[in-house]
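J.: Before I ask anything, here is the structure I am working with.
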Amino acid sequence: MTHISLADRMPTLDFTPNALKDGIGVVPLILMAGFADTITAASELVASGAVMIENRQIVDPDHHILSYAFDDGEVLRLTVGGQRTMLIRRAE
């Protein structure tokens with residue numbers, strides 16, 4: 001039997017440790033994931049409460065995911081609008 005991880009079945013954004021050094025903003029994440037076409041649209045998604053990271057609603061467009069969130073090799077789930085999901089992980 002072959003084990004298939006969640007990350008193997010779901011779209012994933014990988015970031016190098018250097019890219020995560022200062023954290024990454026939620027608005028750029030939404031743009032990179034392709035869930036919005038403009039900074040304004042991504043900011044509006046956040047402000048309207050449509051964005052969640054690990055089942056925690058994010059309502060501040062200036063919110064940053066800091067590098068320590070990945071200290072244990074954790075993979076974070078970004079969900080927008082309750083239907084679009086992408087994983088965020090630190091590349092090794």
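J.: Which of the residues spanning region 46-62 are in contact with a Gly (Cβ under 7 Å, 6 or more places away or on another chain) and open to solvent by less than 50 Å² (accessible area, probe 1.4 Å)?
T.: Hit for region 46-62 is ALA50, nothing else.
J.: Follow-up. Quick check: is even one residue across region 26-45 within 11 Å of the chain's Cα centre (by Cα), surrounded by 12 or more Cβ atoms within 10 Å (Cβ to Cβ) and assigned to a strand (DSSP E or B)?
T.: no
J.: I want to confirm something. Restricting to region 63-75 and keeping residues that are assigned to a helix (DSSP H, G or I) and open to solvent by 40 Å² or more (accessible area, probe 1.4 Å), which single residue is farthest from ALA91 (Cα to Cα)? Break it down stepwise before answering.
T.: Within region 63-75, the first condition is being assigned to a helix (DSSP H, G or I), and the residues that meet it are 67-70.
Those left that are additionally open to solvent by 40 Å² or more (accessible area, probe 1.4 Å): 67-68.
Numbers: SER67: 12, TYR68: 14 Å.
Out of the qualifying residues, it is TYR68.
The values are calculated or read from the model by the stated rules, or taken from the named source; none is laboratory data. Fair warning: this is a prediction, and the values are worked out from it, not measured in the lab. All Cβ positions, even for glycine, are placed from backbone atoms using ideal geometry, and neighbour counts span all protein chains on display. Note: accessible area is taken over every heavy atom of the protein model, side chains too, but ligands, DNA and RNA are not part of it. Shrake-Rupley method; radii C 1.70, N 1.55, O 1.52, S 1.80 Å.
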